[in-house]
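One structure is given here, and the rest of the page talks about it.
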Amino acid sequence: MPVITSLINLKGGVGKTTVTLALAHFLAVEHQRRVLVIDLDPQTNATVCLIPEMEWKQRDEAGRTLYQLFADQVKGSQRFNTDQAIVRAVSNVGGGVQGLDLLPSSLQLIKIQDRITQLTDFDNYQRGPIFALQKALDGFLPYYDHVLIDCPPSLGIVTLNGLAISDSYLIPVVPDILSVLGIPPILDRVEHFARATRHNIRALGIVISKMRAQTILHNEMVNRLRDDFQARRFPMVFDTVVPESARIAEAADVMAPVNTLQQKYGAGGPYEALSALTREFLSHVSR
Amino acid sequence: MSHDKNHPADDIQQTTIEVAALATFLREVAARAEHDPSFASGVLAIARASGLFPTVQSQPEKPTASQPASPPTRASRRKGRHAANAPVDTTPPDPFKVMRAQGEAGLRAALEPLDLASLRTIVRAHRLDPARLSARWTNLERLIALIVEQTRARLNHGRAFERI
């Protein structure tokens, strides 16, 4: 069975998608792992960083995105077909990376989120489609070595579907005041969910992203996060820090012509950092 | 009695000398500009900077009866576009502005007369190839295709999200 990792933070813009996509690319290309990216975020950012947006639109209109999975839960229909929804060999690197697959999200999830939430009992999780994703992926997971789940910035029913199949979760943070505020509620809520569903979900650690090394605040916050880990308040903080970088931002363009990860992320700093992050990630999940 | 003013006859003579000198100067400049494209470009740049000439966007020159249109060879385009056609403005066009105003065909038409250096300048200035795969390309058509494709992709960015 694959190692399944959710990437969560209650705050948006902290690098969840960037870290998800980087890990997915480096695992597939540099470590020859079979990787499935599940984009649970209705913003659909990971999806359109891996396939052209017009391709996404056609798939969405044909019911081949996660919107259909959750719409089936609300409407009682059974249109979602996992095999048809998974997009194989995605990314702009070399025209598509073998072994890197995507289960795409949909903007339409925004329309349906409230209705799914109404079906759910968040006290004991006995009601509501908590395990819809798990059922849909039954039989498909053994094919993969890693599943990375890009979660929305909330702990609603869609995110819980990701956590329900996860062995562990990563918390990407920008080392600033607001994004660090979201860490304790995540730890608390995930622990509550894991206890209620009798499912062990390990807090793998915190990944510092969009780090500006010249900024005093960023350096102070990194030190504070590492101190909090020493004091056992927070999970481990990854040694590797992902820098703020124009090249990493530009790597989101799935239409840009690139053949290698060095070209995608820019040789030197950003590429080296993301490569190191992936090695560190592997060292933790293989324990 | 002091002579603060020149005699009118002296003024006329002085003006005649200056006009002759100016005409000689302009003829020398014109002759040298005709034979030295880089000198011509320099003079044009100074004239434009002074506001003497309006900035003219580089466009394909319309063929005249005495100058029938003939397709430029790849070598002539790469080497001597400046020398052959003496483009008025060497500032490469903004591909996004051109495509918005004139569409894809208009952008292609604006890019066609440009030389390798100008096409590369456009690619660099607008980060159309962040990985710099095209840095060693010498095929003009390939660079034009890259510029058109990337410009179209960026202008269409987000279209799929317009109606959900």
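Any residue in the stretch A:99-117 that is of a type in the set (D, E, K, R) and within 14 Å of chain B (Cβ to nearest Cβ)? Don't jump to the end; show me each part of the working.
Looking only at the stretch A:99-117, we keep the residues that are of a type in the set (D, E, K, R), and these are A:101, A:111, A:114-115.
Add one more test, that the residue is within 14 Å of chain B (Cβ to nearest Cβ), and what stays is A:111.
Yes, the stretch A:99-117 contains a residue that is of a type in the set (D, E, K, R) and within 14 Å of chain B (Cβ to nearest Cβ).
Just for helices (runs of 4 or more DSSP H) wholly inside the stretch A:1-103: which have at least 1 residues that are among the charged types (D, E, K, R) and either without any contact (Cβ under 8 Å) to a residue 60 or more places away in the chain or closer than 29 Å to A:GLN118 by Cβ (or both)?
Details: elements: A:16-30, A:45-50, A:53-61, A:66-75, A:82-85.
Qualifying helices (runs of 4 or more DSSP H): A:16-30, A:53-61, A:66-75, A:82-85.
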Kindly indicate the residue of the stretch A:107-152 that is hydroxyl-bearing (Ser, Thr, Tyr) and either within 15 Å of the chain's Cα centre (by Cα) or not in a loop (DSSP other than H, G, I, E, B) (or both) and also surrounded by the fewest Cβ atoms within 10 Å (Cβ to Cβ) among those meeting that condition. A:TYR143
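Only one of A:THR82, A:THR65 is among the hydroxyl-bearing types (Ser, Thr, Tyr) and buried (at least 20 other Cβ atoms within 10 Å of the Cβ); which? Break it down into steps so the answer makes sense when it comes.
Working: A:THR82 fails: buried (at least 20 other Cβ atoms within 10 Å of the Cβ).
Step by step, each of A:THR82, A:THR65 is checked, and only A:THR65 is among the hydroxyl-bearing types (Ser, Thr, Tyr) and buried (at least 20 other Cβ atoms within 10 Å of the Cβ).
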Kindly provide the set of residues from the stretch A:112-159 that are out of contact with any Pro (no Cβ under 7 Å at 6 or more places or on another chain) and charged (D, E, K, R), ordered by number. A:ASP114, A:ARG115, A:ASP121, A:ASP123, A:ARG127, A:LYS135, A:ASP138, A:ASP150
Listing of helices (runs of 4 or more DSSP H) fully contained in the stretch A:153-270 that carry 2 or more residues being buried (at least 19 other Cβ atoms within 10 Å of the Cβ): A:157-164, A:177-181, A:183-197, A:216-230, A:261-265
Taking the stretch A:235-280 and keeping residues away from every other protein chain (no Cβ under 14 Å) and touching a Leu at 6+ places or on another chain (Cβ under 6 Å) leaves A:VAL237, A:THR240, A:THR278
Which condition does A:MET54 not pass, out of (1) on the phi > 0 side of the Ramachandran plot; (2) within 14 Å of another protein chain (Cβ to nearest Cβ), if it passes all the others? (1)
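A short reminder: the numbers here are calculations on the coordinates, not readings from a lab. Note that the coordinates shown come from a computational prediction; the quantities given were computed from them, not determined experimentally. Here Cβ is always computed from backbone atoms with ideal geometry, including for glycine, and neighbour counts include all displayed protein chains.
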